[in-house]
Each structure stands twice: as C-alpha cells, then as structure tokens.
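One structure is given below, encoded as structure tokens.
Values in this text are rule-based calculations from the coordinates and carry no lab data. Since this is a predicted model, take the numbers as computed values, not measurements. Every residue, glycine as well, gets a Cβ built from its backbone with ideal geometry; the counts of neighbours run over all protein chains shown.
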Amino acid sequence: MATVQLLNLTKKFKDVYAVRDVNLEIHDKEFMALLGPSGCGKTTTLNMIAGLETPSSGQILIDGRSVTHVPAAKRDIAMVFQTYALYPHMSVYRNMSFALRICKLPKEQIDKQLREAAQILGISALLERYPRQLSGGQRQRVAVGRAIVRDPKVFPLDEPLSNLDAVLRVQMRTELKLIFNRLGATVAYVTHDQAEAMTMSDRVAVFFNGKVQQVDTPLAIYHAPANQFVAGFVGSPPMNFISATVSAEGRLCLAAGELERLPDADLRPYSGQTVTVGIRPEDLQIHAAGEDDKAGIYGQVQVVEQLGATTLAYLRLGDGLIAAQLSASNPVAVGQRYAVTFPAARLHIFKGSDGEAIRTPGKP
Amino acid sequence: MISERNSRLLASLRTALRIFLILLSALIVSVPFVYLFLNSVKPSNEFLTVPPTIIPSRFTLEHYQLTFDPGRDTLSYLINSLVITSATTIISVLIGSLAAYSLSRLKLPFRLSTIIAFAFLIVRFYPKITTTLPYYILMTRLKLLDTQIAVIIAHVSLTLPLVVWLMLTFFDELPRELDHSAMLDGCGPLQRFIRVILPLTTPALLTSAVLTALLSWNEFLMSSSIAPSNAKTLPSAVSSFITDKGVQWGPMSAMSTVIVVPMMLFALFAQRYLVRGLTLGAVKE
C-alpha cells in the first residue's frame, strides 16, 4: 500500500477552475473520504489521482514519487466507478482477470488471486455469469472484486454505492469498510453522502468550489467545522443558522433577543459586525411557552416529523425555519408556540463576511 | 358509445389495413427484381412483342450461357467485383472505425474533432460526377488507371465517410468509464479498442461492413470511368449490352441477376446484425 500526496493540485477547464490549489495527504492504509456537493471538484481530484485527467498545475505523489505525468495504466491504481464499468461482453471471471491477463501473469496465479478475491467478496458462485445477469449489489461487488484482485497501491472509489437502493447501500457500506480494513488498503473514496463519509472513513476532506475546506476525522469535522459551509453540509438534519450582530460588549444580539456573553469566546473584535450563529438540531430544546412568557426565543411549530427514535420539529423563527431534534417521548403539537433554549457552550459562530468559524464548541 | 362488437371490427379492419400496406410495400420493392429475373429466363423473341409478356412462355437459360460465354470475360468481371468489394469493405471498416474511435475519444483543441468529422461528411455533399474526372487524371498520373487498386481507392474514399459517421455515433454512446476502466487495467489505446470497444460494437461494425459492401458492389460511375476494361466490375459490364445495334435485354437481365443475387444472400445472412446495428443505442438499456 502507499501514501498519496496532492501538492497545489489545480485543474482548469477553459476558464473555470474545477479544482484549485488542493493540498492533501492520504496516509498509508488510510480510508479518506472526499466529500462535497455535485460540482465541487472531488471527482476531478479523484480522476487526477487515477490518471484519467491531467492536472493544469501541481503535483501528485504516490509513495513520494511524482506520478503527475505517468499514464493511468502505469500508476498501479485500481478504481471502482460509480457505474461499475464492468465489461458487458465478459463473464465475471474474465472481468476480474482482465487486468491480470493484460499484465500476462501466469494462468495459475491469476486463478489463485481471483478465487481469493471472489471468496472475500462472496461472489465465488457468480464467476461464470455475465454482468447483465447480476443484481445491482452483485455488480457492485464484482466491481470491487475487479479492483482488489490486482492488489494495487491505491483504490480510488468514485461514489461506488450511489446506484444502490437505500437498504443495500447501508449494508454495502459496512461490507466495504470491513473489506478495505482487512486489506489494509489506501483508499480515496468520493461521495456526496455525508453518512457514508462519516461512517466509513478515517478522515474526511470536505470539498467546495474546487477547494478543500477542511480535512479531519469525521467527529472533528462534525463538532468543530472550519467554516459555515462545512457546518451546514455535514450533519443531518443540517445545522441551524441564525443571523446575529455583536454588541460593543461582545454579546450576541439575535432578532429575538440578546444572549449572555459567551465565557470562552471574546467577540469584542467583531463588535458592530454581523455574524452567523449555528446550532445543531440535537442541541436545541423546546418547552411549551406560557402566555405571559416575555423573555427568550419563541417559535411556532410548523411541521413535525416522527422518525421513531427521535422527532424533528420545525419552528418558525423570524423569516426562517429552525429544526429541533427531540426525543420521541417529547410531545410536540403543530401550531403551538414553544420557547427555544440551548446551552451557550454548544453555539458555533461564523464570520458574516466569509463564513470562517470564530468559535466552535469542540467535542462535547 | 362503441359496442364491443364494433370495436372488435375496428381492430380487425386496422389489422387488415396494416397487412395490406405491408404487402403493397413488399410488392413495390420486389416487382422490379422479379421482372428482372423473369426477363433473364425469357426467350429472346418475347422481348419485343406487343403487348409485352410478363410471364415467359417457356423458361430458358440461354442468356446465362451467353453471359458466361468465355469470350465475354464475365467471370473476370465477377472476380474484379469480388476483389474490389472485399478490399474496399475491409479497408474502409478498418480505417473508418479507428478514425471514428479517435474522433470520439480525442479531446482536440479548437473543436478540431468536429471539424475533421465534418470534413469526412463533405465528401458526401457533392455529386460523384464532379470528382470522376479528377480521379481519372489522378489515376492516369499515378499509372493506376484501369487497375483494381484505382477502383479500391475511389470506393474507399466514397464509403469511408459512411463508416466514420456510423461508427462515431456508436462510439459516442459507449460510456467513457469503459475506456477509463480499460486504461486503469493497463490497456494502451489499440488494446482498449480491440479488446473492449470493438466487441461491444460488433453489430455496428457489421452494419458498416454490409452498407460499404453494398455501395462498392453496386457502384457504377467511378468504376466505369477509371476501369474501363481490365479492372471492369459487373455493374459497368452490364452497360456493355447496350450496343449500337440495340439493347441485348436477355443477357443484360441475366448479368443483372448475377449481380443482385450475391448481395441479396449477403444481406439476408447479415440481416439479423443489420437490424440490430441500425437500432442499437436507440433505446437505453
């Protein structure tokens, strides 16, 4: 296995930057997720690692050796594609052995390697079938099998689970994680599904607008997002954002009222400026508001979503809706007015100008 | 409200109309060929009778004997036609599919791929007759006049655009991930083409081959002008039955039948692939 380093990697399509100055290191045997919305540059980055796209500038190093201009075929990389890209005219056996046959490995060795990989993936019984005779999950497994049979240095995986139905996706998520753990593989895993990124990877690189926004462990990204984009993208339901201004004494002034000074963050340098306050739905609590309650923040419940273990309540607060994730035992009525409370320590504060985090609560 | 009986009657009427239209189309297509064949087995004296006889009073093979008379060289024309058609088909399909694959996959600057693809198409824009004379002069200068090579060059130039455009459509529809996957599996461009792309476009390849062969086999204008005797093909040989003493209808029909039959058998054999090739990609799988 190997390390992958991206140094100031940039890709321009005509005048548009698809990837801009990306610096990233994937450690040996690390499972790194490249997470971001469509068009954020994560797949272009992956294609450059694989050698399917040539960078406009910057370098790609595998095991410290520059492969920036090495053809894809010579990088010792096995990719799993979103559409699987199985060869329709070849049986599973021939699909999986194709790369090894191109390398002209001895037949016995090919057969041995292939049967081992097939066993790991539980597809030994499918070897004589053609891709069209397989279900989505089986195709997915064959695509992974085709990659692992080669024992490559790096596995770039391009949204390999996105074509599967929800149940199978969750099941395959665990299976893939187990397989790659067992192989001790270096994996670059592109996904737009934050649940996949959070559950499968050792570290996550969040992409937006062709740039890496933050690289860290899933929990660090969740609890200490580097900016408002990361905070809003990671987490489901997403973080609530409320606009606020900072008073001369460094207090946060919301439309609904002024908050106490935060003990661990000095906001005075931002006094007079607009900031964005972020709070995760699970950090919000609501209580039925009495008619005579005047102080605090109040909202009327607009929608209630029962998820079984938890309940999501959406409350109107000023112009927008905020989501509160509550225990299922907490009865909430649509149309009712509630007082909204939250521990000040759980607040995220982002600059109004560029969304950079001023304060994050860190791990609870 | 239409009763059940009425709607059933309407449905059967519709079926009847459909069958009638199919039969009519089949008739329009096949009548000339049937008439040609009947003429080829009709005694000579029945050609000029008034009213003309459609079904011959007796069947004769005298025209076929005359056509294949050793003095007429029909056999060597047949061989010319076979050699030229086979060579044209092989060369056109080989070069055309490679060119189409490159055009489909190469990212050339300034939309060069599109410009080149359209350059191929331009050949089909003007009437063939406009290039016949230049070809004649070119082949004379190259000392290739009246050789099979001259006709093959001319036919390849005529059929290549067809192959390029047909194959281009098919290659464009094949997912790029297959190329990428083959690339990562260690294949060079030619290996990718031969081991992954070609097997997936066999129907299209066969369609191109059939259409190229048909075009080359039936081509008259170029062959008759640049290969008037030694490399003469069957279609130009047919015209030699139009003489100053009149038209020899019998032998002409016999030779025409000889021209049509091999292509008909070929098309029948390739029909399965032809239909699949022409409709492939029309429906997303």
**Request:** Please work out the FRET efficiency for the pair B:Val31 and A:Thr174, using the Cβ-Cβ distance as r and a Förster radius of 56 Å; give the result to the nearest 0.05.
**Result:** 0.20
**Prompt:** Of A:Thr310, A:Gly272, A:Ala72, whose Cα points farthest to the positive end of the dipole of chain A (charges on the beta-carbon: +1 Lys, Arg; -1 Asp, Glu; origin at the Cα centre)?
**Reply:** A:Ala72
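So what is the calculated 222 nm ellipticity per residue for chain B, using -39500 (n - 2.57) for each DSSP H run with n of 4 or more, over all residues, to the nearest 500 deg cm²/dmol?
Mean residue ellipticity, 222 nm, calculated: -23000 deg cm²/dmol.
Dipole magnitude of region B:156-285 about its Cα centre, charges +1 at Lys/Arg Cβ and -1 at Asp/Glu Cβ only, in debye to the nearest 20?
Approximately 280 debye in magnitude.
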**Prompt:** If we sort A:184-197, A:347-360, B:43-56 on the protection proxy, mean other Cβ atoms within 10 Å, highest first, what's the order?
**Reply:** A:184-197, A:347-360, B:43-56
**Asked** Of A:Thr174, A:Thr45, B:Thr49, which is farthest along the charge dipole of the protein assembly as shown in the positive direction, counting Lys and Arg as +1 and Asp and Glu as -1 at C-beta?
**Response** B:Thr49
**Request:** Of the options A:Ile221, A:Ala357, A:Ser97, report the single residue whose Cα projects farthest towards the positive end of the charge dipole of the protein assembly as shown (beta-carbon charges: Lys, Arg +1; Asp, Glu -1).
**Result:** A:Ser97
**Prompt:** How large is the charge dipole for the protein assembly as shown, taken about the Cα centre, if only the Cβ atoms of Lys, Arg (+1) and Asp, Glu (-1) carry charge, to the nearest 20 debye?
**Reply:** 1700
**Taking A:Arg203, B:Arg58, A:Arg139 and counting other C-beta atoms within 10 Å, the order from fewest to most** = B:Arg58, A:Arg203, A:Arg139
**Complete:** Per the 1/(1 + (r/R0)^6) rule, R0 = 25 Å and r from the Cβ atoms of B:Leu21 and B:Thr169, FRET efficiency to 0.05 is 0.25
**Prompt:** Considering the Cα trace of region B:110-233, what is its radius of gyration and what is Dmax, both in angstroms?
**Reply:** 18.0, 54
**Prompt:** Based on Cβ point charges of +1 for Lys and Arg and -1 for Asp and Glu, what charge dipole magnitude is obtained for region B:77-230 about its Cα centre, in debye rounded to the nearest 20?
**Reply:** 340
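How crowded by other chains is B:196-204, given as the mean number of beta carbons from other chains within 10 Å of each beta carbon?
Per residue, the average neighbour count from other chains is 2.
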**Message:** Can you compute the equivalent ellipsoid semi-axes for region A:206-258, i.e. the square root of 5 times each eigenvalue of the Cα gyration tensor, sorted largest first and rounded to whole Å?
**Reply:** 27, 12, 11
**Request:** Provide the FRET efficiency to the nearest 0.05 for the A:Asp63-B:Arg141 pair, computing r from the beta carbons and using R0 = 60 Å.
**Result:** 0.50
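Across all directions of projection, what mean area in square nanometres is found for the Cα convex hull of chain B?
Quarter of the Cα hull surface area: 24.7 nm².
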**Fill in**
For region A:43-54, in residue order, the Karplus 3J(HN,Hα) values (coefficients 6.51, -1.76, 1.60; θ = phi - 60°; whole Hz; Gly and Pro = x) are 5, 4, 4, 4, 4, 6, 4, 6, x, 8, 10, 9
**Estimated translational D of the protein assembly as shown in µm²/s (Stokes, Kirkwood radius over Cα pairs; 4 °C; 1.567 mPa s)** = 41
**Prompt:** Rg (Å, one decimal) plus Dmax (Å, integer) for the alpha carbons of chain A?
**Reply:** 24.6, 84
